[in-house]
């Protein structure tokens, strides 16, 4: 099934992307811009949703046609956003849980600041593994 | 020589320790902007710790006097490292004269969570403090040694390896008799 859409980004405290991964493989350029646009637009919805619940996981906060944006807001002000095509809540929740753990480890690195981009290959690899396991 | 049981020491949270050390290294890099200088500072800080820590070690561990460098290195690896860092270091790779050896650490609590940025991988001796500690401590017991990291997992090696080289053993100049 090549039509599955999955893009994952981490947005830092000051609304700048610090990590982005396309979990589906190469695609049309145009669609990529659309995905980034949808994710960007979803940030406002995230800002509203994060005050409405005590949970870190905010479920699906925004949608555009058949593109769904699920979000996870960390207490540190970073937001994990996943663009997908409407899959089950459990998988997405598990995925965020795992990536959050990985993200914490990155944040504990003394050479990392909240605004530096995450370029670690290990992190990238582990995020992909987590996606394969939980979102498959 | 079998390792003795460790004395009961007050312990602190390992993450606090690791993160504090990380912040120190970061601050040094920000202040000196020169990795050579940072390495020197870390070594100097370690040395200052070592010259004090040796007293603490000898007092708490109730160790007797070491008769040779070989024995001293074993004590450093088998007693001092577990006591202060909660990891044991294997002492291997002796040269034929018994003046050089390697301390092999499979785990280094200083470097938990750390991933070096590419631009630091060449020069920065992240855990260089440990070398300074060993140098300072052994100097206080009349052994001038040279300690440096030759393998570092942060740079992609398999283990942490500290190479120790005995430069001078000044035991003869010691003014007291050992057995009174």
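The values are calculated or read from the model by the stated rules, or taken from the named source; none is laboratory data. Here the structure is a predicted model, which means the values were calculated and not measured. Counting neighbours? That spans all protein chains shown, and the Cβs are built from the backbone with ideal geometry, glycine included.
For the stretch B:68-77, a tally of residues being in a helix (DSSP H, G or I) and either closer than 14 Å to residue B:7 by Cα or out of contact with any strand residue (DSSP E or B) (no Cβ under 8 Å at 6 or more places or on another chain) (or both) returns 2. Looking at the stretch B:56-64, is at least one residue in contact with a helix residue (DSSP H, G or I) (Cβ under 7 Å, 6 or more places away or on another chain) and within 14 Å of chain A (Cβ to nearest Cβ)? Looking for residues that are in contact with a helix residue (DSSP H, G or I) (Cβ under 7 Å, 6 or more places away or on another chain) and within 14 Å of chain A (Cβ to nearest Cβ), one finds none in the stretch B:56-64, hence no. Just name the residue that is surrounded by the fewest Cβ atoms within 10 Å (Cβ to Cβ) out of those in the stretch B:105-123 that are more than 19 Å from residue B:43 (Cα to Cα) and without any contact (Cβ under 8 Å) to a residue 60 or more places away in the chain. Only one residue fits best here, namely B:118.
Just checking, does the stretch A:45-57 include any residue being under 18 Å from residue A:9 (Cβ atoms) and in a strand (DSSP E or B)?
Among the residues of the stretch A:45-57, at least one is under 18 Å from residue A:9 (Cβ atoms) and in a strand (DSSP E or B), which makes the answer yes.
Can you find, within the stretch A:123-136, the residue that is surrounded by the fewest Cβ atoms within 10 Å (Cβ to Cβ) among those that are touching a helix residue (DSSP H, G or I) at 6+ places or on another chain (Cβ under 9 Å) and within 14 Å of chain B (Cβ to nearest Cβ)? Ranking the qualifying residues of the stretch A:123-136, first place goes to A:126. Among the residues of the stretch A:28-42, some residue qualifies, meaning at least one is more than 20 Å from residue A:128 (Cα to Cα), in contact with a strand residue (DSSP E or B) (Cβ under 6 Å, 6 or more places away or on another chain) and modelled with pLDDT of 90 or more. Scanning the stretch A:83-118 for residues that are loosely packed, with under 13 Cβ neighbours inside 10 Å, outside any helix (DSSP H, G or I) and within 13 Å of chain B (Cβ to nearest Cβ) yields a count of 1. Pick from the stretch B:109-131 the residues that are away from chain A (no Cβ under 14 Å) and touching a strand residue (DSSP E or B) at 6+ places or on another chain (Cβ under 7 Å): which of them is farthest from residue A:123 (Cα to Cα)? Taking the candidates together, the pick is B:131. On the stretch given as the stretch B:12-46, residues that are part of a helix (DSSP H, G or I), within 14 Å of another protein chain (Cβ to nearest Cβ) and either farther than 14 Å from residue B:123 by Cα or free of Cβ contacts under 8 Å to residues at least 40 places away in the same chain (or both) total 15. The selection criterion, being within 14 Å of chain A (Cβ to nearest Cβ), surrounded by 15 or more Cβ atoms within 10 Å (Cβ to Cβ), assigned to a helix (DSSP H, G or I) and under 19 Å from the mean Cα position of the chain (by Cα), does not hold for residue B:49.
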